[in-house]
1. Keeping the other protein chains in place, figure out the carbon and sulfur percent of the accessible area of region 200-266, with a 1.4 Å probe.
2. Mean separation of Cα pairs under 8 Å and 6+ residues apart, divided by the residue count of the chain: what relative contact order is that in percent?
3. For region 1-132, just the Cα atoms, rotate onto the principal axes and tell me the three extents in Å, largest first.
4. Select from region 205-306 those chymotrypsin sites (Phe, Trp or Tyr not before Pro) which occupy a DSSP coil region and have at most 14 other Cβ atoms within 10 Å, ordered by residue number.
5. Hey, can you find the accessible area per residue of the chain for me, probe 1.4 Å, expressed in square angstrom?
6. For Gly237, what residues show an amide H to amide H distance below 5 Å, using hydrogens built from the backbone and excluding near sequence neighbours?
7. Scan the chain and report its longest stretch carrying no trypsin sites (Lys or Arg not before Pro) that are both in a DSSP loop and have at most 11 other Cβ atoms within 10 Å.
8. Rounded to the nearest 10 degrees, what's the angle between the helix 273-282 long axis and the longest principal axis of the chain, both from Cα atoms, 0 to 90?
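The values are calculated or read from the model by the stated rules, or taken from the named source; none is laboratory data. What you are looking at is a predicted structure, and each value in this text was computed from that prediction instead of being measured. Every residue, glycine among them, receives a Cβ derived from its backbone with ideal geometry; neighbour counts consider all protein chains shown. Quick note on the areas: whole protein, heavy atoms, side chains included, nothing else; ligands and nucleic acids left out. Shrake-Rupley method; radii C 1.70, N 1.55, O 1.52, S 1.80 Å.
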Amino acid sequence: MTPLGEKIKQLVRLEGPISVERYMTMALSDPRYGYYMTRDPLGTKGDFTTSPEISQIFGELLGLWCADLWLRMGSPTSISLVELGPGRGTLMQDALRAMKTIKGLLSAIHVTLVETSPTLQQAQKKRLASSSVDIQWQDDVSSLPKQPTLLIANEFFDALPIRQYQMANGKWYERMIGLTEKGDLTFGLAPDADRTIQLSATEGSILERNLIGERILKDLATHLMHYGGAAIAIDYGHSQSGFGDTLQAMQNHHYVDPLDRPGEADLTTHVDFKRLSNIAKHCGNTVSGPIIQADFLEALGIKQRGESLLKSVNTDQAKSISSGIDRLTDRTPKGMGSLFKVLTFYHPTMPSPAGFNE
Ligand code: SAH
């Protein structure tokens, strides 16, 4: 067992079973042992990879998506560009490079990177050190700059702790993590039923609630209503709400048991886009999507950008560019192009964002 696993077992012995949300919070962000706190998990040598690490075109297209909105907003002289959970800073670096081609844009933007991990903040500072734009860091979304905002979140909502509930004898019980007789971590149910959930479901069904993500989304949508602007969220997840256990753990690019390596394996869940979209609408935002990532990237011209890059590279680079594009737009059921969904929400007076064909 990992050092954090021992710490969690000790906590359970003292206080009794803990919620999945608390377990995930400790596993991901315990100040000493939390997964994101201590390492750079991305890339081939890490535990998982993400779209901006697979192809530079991903960040470039998101930069141009923002640039297009800025132009159609009438090129305001000051605008805030925010990224949530920027990883290694790769997406922002690629986005800013693409934005350079639009006259006046870089001098209008102020970048805010929202990142809890000190290790990844360091990586972002290094990656973006030579950038000419003004960049600031903060560790939560509660105090974003009070001005029109364009916001990007790639694989952010899937990294937030969730709660789980299970249907037993016609009632919903919160799923908890306790100990087996041998002292191993195991899933169980809270002793008392939860009275707040009214959904009907078959025996054994699992319901997930990303309350932390929902609160963040509400803050963002409210911010956009006050100051104007648009947000785009890209994540693997489902367009319609449903039941099922989507908690998964990944280490060295392989799935592992979510209770086996707390602090050393990445924990994620699938995003319920329907709920996020309803919250944004409820706050007064206009919503487009979710659409699948392949449709979004193709609408923005990923193929054309690939062809133009291929003109000036050697054979190895050409292979990597083509395979990156294929991977991001793979429409097979387990491909990134169909598993990943894209949702945008924005102030109702904003021009409609590119790529959604609505
Ligand atoms: N967007 C990046 C990284 C995705 S991994 C990419 O696509 O490559 C998830 C990112 O979210 C990491 O940078 C992680 O440190 C950050 N993160 C996780 N929980 C967070 C929180 N509550 N607030 C801010 N950042 C968080």
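1. 50
2. Here the relative contact order equals 20 percent.
3. 60, 29, 21
4. Sites meeting the loop and neighbour criteria: none at all.
5. Numbers: 16260 Å² over 358 residues.
I get 45 Å² per residue for the chain.
6. It is Val271, Lys341, by chain and number.
7. Value returned for the longest uninterrupted segment is 196-310.
8. Around 70 degrees separate the two axes.
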